[in-house]
Amino acid sequence: MRHYNTIFSQVLDLIPRHQFETIVKRHKADSYVKYFSCWQQFITLLFAQIRSKDSLRDIETSLRTHTNKWYHLGLKDIRRSTLCDANKNRNYKIYEQLFYKILQRCTDITPRHRFKFKNPLYTLDSTVIDLCLSLYPWAKFRKTKGALKIHNLYDHRGRMPVFITVTDAKQHDVKIARRLNLPLVSDSILCVDRAYIDYKWLYTLNKSKLYFVTRAKKNINCKITGQHEVKKKKGILFDYISV
């Protein structure tokens with residue numbers, strides 16, 4: 001009889017299990033654990049993410065409909081109370097470090113885009129994730145709304161995020177950008193939107209020999225000193241030189 005692995009099992013094959021276990025041992029996260037190990041917690045959370053499950057009861061119920069596949073996944077049992085305790089007490093750095101291990105693996109095998117210019121191209125932007133304020137009171141965003149903000153540096157060569165940091169949603173984009181030590185090499189091109197327009201910060205990029213591309217605000221205070229030749233077929237309206 002021919003054996004077929006599930007798609008979920010094939011996804012798990014992409015995870016560096018030995019590196020994951022090394023991280024767990026470093027943090028002693030499986031000490032005194034009876035059955036719900038960090039690996040089983042990771043399997044459960046990954047399943048919930050893929051299936052868009054947004055409650056502990058929904059995760060438990062959905063997984064119990066596939067008990068015949070638990071053995072192949074390495075899952076022994078699932079109870080929402082145990083999952084809740086694991087999410088509350090285990091060190092988040094385990095999964096943070098796993099993220100960077102997977103990122104390094106993906107970066108090594110991701111094909112590079114052949115741009116017409118040799119400069120590395122990046123985009124810096126943020127996104128707001130809504131949260132239930134009653135469950136996450138530390139993430140107060142509005143009077144009755146909770147949220148956090150993810151700031152992401154995106155590498156267009158491999159279509160991969162290379163830097164991520166999480167803050168509360170009240171933090172302004174450029175305020176966080178000033179604090180970040182972005183992993184950019186000289187001659188890189190950084191694309192940002194108008195939320196990042198801060199001339200002192202943009203000047204620090206210039207001093208670091210980085211190029212930046214952004215949208216000008218309507219009230220920009222500058223003086224036009226010249227204009228480059230514009231190629232009509234490129235879709236460029238004008239290319240000014242200003243100070």
Problem - Search result, residues across region 121-155 that are under 27 Å from residue 211 (Cα atoms), buried (at least 17 other Cβ atoms within 10 Å of the Cβ) and of a type outside the set (Asp, Glu) - result: 121, 122, 124, 126, 149, 151, 153, 154
Exercise for the section: Kindly check whether there is at least one residue in region 10-29 that is free of Cβ contacts under 8 Å to residues at least 24 places away in the same chain, of a type in the set (Gly, Ala, Ser) and over 18 Å from residue 80 (Cβ atoms). Expected result: no
Problem - Which listed residue is free of Cβ contacts under 8 Å to residues at least 60 places away in the same chain and either touching a His at 6+ places or on another chain (Cβ under 9 Å) or under 22 Å from residue 9 (Cβ atoms) (or both), from 61, 82 - result: 61
Practice task
Looking only at region 8-29, decide whether some residue is in contact with a Leu (Cβ under 9 Å, 6 or more places away or on another chain) and more than 30 Å from residue 183 (Cα to Cα).
Solution key: yes
Exercise for the section: Evaluate region 192-207: report whether one residue or more is in contact with a Phe, Trp or Tyr (Cβ under 8 Å, 6 or more places away or on another chain) and in contact (Cβ under 8 Å) with a residue 24 or more places away in the chain. Expected result: yes
Practice task
Scan the strands (runs of 3 or more DSSP E) fully inside region 174-243 and keep the ones with 1 or more residues being among the hydroxyl-bearing types (Ser, Thr, Tyr) and touching a strand residue (DSSP E or B) at 6+ places or on another chain (Cβ under 6 Å).
Solution key: 211-213, 224-227, 240-242
Practice task
Filter region 159-190 down to the residues that are under 15 Å from the mean Cα position of the chain (by Cα) and among the β-branched types (Val, Ile, Thr), then identify the one that is farthest from residue 130 (Cα to Cα).
Solution key: 162
Practice task
Would you be able to say whether some residue in region 88-106 is more than 22 Å from the chain's Cα centre (by Cα) and either free of Cβ contacts under 8 Å to residues at least 24 places away in the same chain or more than 30 Å from residue 189 (Cα to Cα) (or both)?
Solution key: yes
Practice task
Might you check whether a residue that is among the charged types (D, E, K, R), within 25 Å of residue 16 (Cα to Cα) and at pLDDT 85 or above occurs anywhere in region 104-123?
Solution key: no
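The values are calculated or read from the model by the stated rules, or taken from the named source; none is laboratory data. Since the structure is predicted, the reported quantities are computational estimates derived from the model, not experimental observations. Every residue, glycine as well, gets a Cβ built from its backbone with ideal geometry; the counts of neighbours run over all protein chains shown.
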